[in-house]
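Worksheet: one structure, shown below.
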Amino acid sequence: MTCEPVTTAEPAWRSHGTERRSTRAVRVRVCFVLVAATVLAVLLVPPLVRLDQQAVDLSSRLLPPSWSHPFGTDDLGRDLLLRCVYGLRVSLLVGVAAALTATVIGTAVGATAGALGGWADRGLMRVVDTFSSVPHLLLGIFIVAMFRPGVGPVIVSVALTHWLSTARIVRAEVLSLRARPYIDAAVSGGASRWRVTVRHLLPAVVPQAALAAVLMVPHAMWHESALSFLGLGLPTHLASLGNLIQAARGSLLAGQWWPTLFPGLFIIVPTLAVAGLAGAWRERINPRRRSELML
């Protein structure tokens with residue numbers, strides 16, 4: 001009589017959890033590579049490539065993708081790859097500047113509302129609700145229409161329409177922190193409301209505010225592209241991604257797909273990569289809310 005060795009099967013939940021962690025790690029690596037490639041292209045291509053992205057060559061207009069022009073050329077014979085890199089540079093600059101500005105405004109409003117409470121909290125939240133009731137794009141068009149087309153008005157427009165969610169997040173975090181025992185101990189020890197806010201509340205909400213800023217960059221890039229596509233954003237001579245897509249509408253109707261496809265991919269891929277990294281960061285700082293990740 002032989003005794004067969006007893007094998008214990010690995011629990012199914014453990015194998016599924018390992019697979020999820022592995023898939024998540026691969027996704028984070030891919031997003032990191034895409035973001036790194038985007039940053040390197042924006043920083044290195046303009047100084048290294050000694051070509052004028054505005055140079056017109058009508059003999060090479062609307063050439064399909066080839067070895068000499070990997071993304072083809074536009075309706076003026078300009079290399080589309082170089083134009084997309086310059087457009088990404090401008091759109092990324094606008095997105096980062098607008099996200100940082102909106103984060104500062106939202107953090108200031110949310111921290112003030114949460115720290116003061118009472119009538120100040122109610123009044124500031126009514127302002128947030130009023131701005132939220134107006135569609136972002138419509139409000140952005142109204143703001144941009146008051147100025148000449150340029151980078152500054154677009155940054156102001158995007159910032160003034162994207163600080164609302166940050167204000168709500170920071171306010172909720174401050175209200176949660178105010179109930180902590182160490183805040184009560186600081187108040188009992190004679191610390192002023194200003195000192196408690198600056199020394200305890202604001203440092204605690206910095207990770208959430210920074211995450212909101214990172215998540216806001218893709219939204220700001222899309223918003224800038226939409227305004228430029230409508231002809232209300234950046235000047236037409238500036239190679240932003242929205243301007244490139246707007247200028248390629250006629251080519252698309254004529255059957256030339258590459259002037260529209262590649263600028264669109266330059267918007268979609270970097271924004272999804274940034275959102276993926278931000279989702280992984282959010283999971284790390286708040287693992288209990290994995291189901292709410294914005295990937």
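Descriptive notes on the structure:
- Each residue of region 223-240 is assigned a 3J(HN,Hα), and the resulting list reads 5, 4, 5, 5, 5, 5, 5, 7, x, 10, x, 6, x, 5, 6, 8, 7, 8 Hz, derived from the Karplus form 6.51 cos²θ - 1.76 cosθ + 1.60 (θ = phi - 60°), x at Gly and Pro.
- Cβ-derived FRET efficiency at R0 25 Å, L252 paired with L48, nearest 0.05: 0.20
- Protein accessible area in region 137-295, 1.4 Å probe - carbon and sulfur %: 65 percent
- Solvent-accessible ranking of H237, H162, H219, H200, largest area first, probe 1.4 Å: H237, H219, H200, H162
- Take every pair of alpha-carbon atoms less than 8 Å apart whose residues are at least six positions apart; their mean separation over the length of the chain yields a relative contact order of 23 percent.
- Calculated mean residue ellipticity at 222 nm for the chain: -23000 deg cm²/dmol, from DSSP H runs with n ≥ 4 weighted as -39500 (n - 2.57), summed, divided by the residue count and rounded to 500.
- Degrees separating the helix 258-285 axis from the principal Cα axis of the chain, which is the longest one: 10 degrees
- For A186, net neighbour charge (Lys/Arg +1, Asp/Glu -1) across residues whose Cβ lies under 12 Å away: +4
- For W119 and R284, the FRET efficiency from 1/(1 + (r/R0)^6), where r spans their Cβ atoms and R0 equals 30 Å, is about 0.20.
- Set against the labelled values [x] 1.11; [y] 0.93; [z] 0.98, Rg/Rh (Cα atoms, Kirkwood Rh) computed from this structure falls on [x].
- Residue-wise HN-Hα coupling along region 70-76, computed from phi with Karplus coefficients 6.51, -1.76, 1.60 (Hz; x: Gly, Pro): x, 9, x, 10, 8, 6, 10
- Helix 12-48 and the long axis of the chain differ in direction by around 50°, with both axes built from C-alpha atoms.
- Here the Karplus relation 6.51 cos²θ - 1.76 cosθ + 1.60, evaluated at θ = phi - 60°, turns the backbone of region 187-193 into coupling constants of 5, 5, x, x, 5, 6, 5 Hz, with x for every Gly and Pro.
The values are calculated or read from the model by the stated rules, or taken from the named source; none is laboratory data. The structure presented is a predicted model; accordingly, all values stated were derived computationally and were not measured. Virtual Cβ from ideal backbone geometry, glycine too; neighbours counted across all protein chains shown. Please note that ligands, DNA and RNA were not included when accessible areas were found on the heavy atoms of the full protein model with its side chains. Shrake-Rupley method; radii C 1.70, N 1.55, O 1.52, S 1.80 Å.
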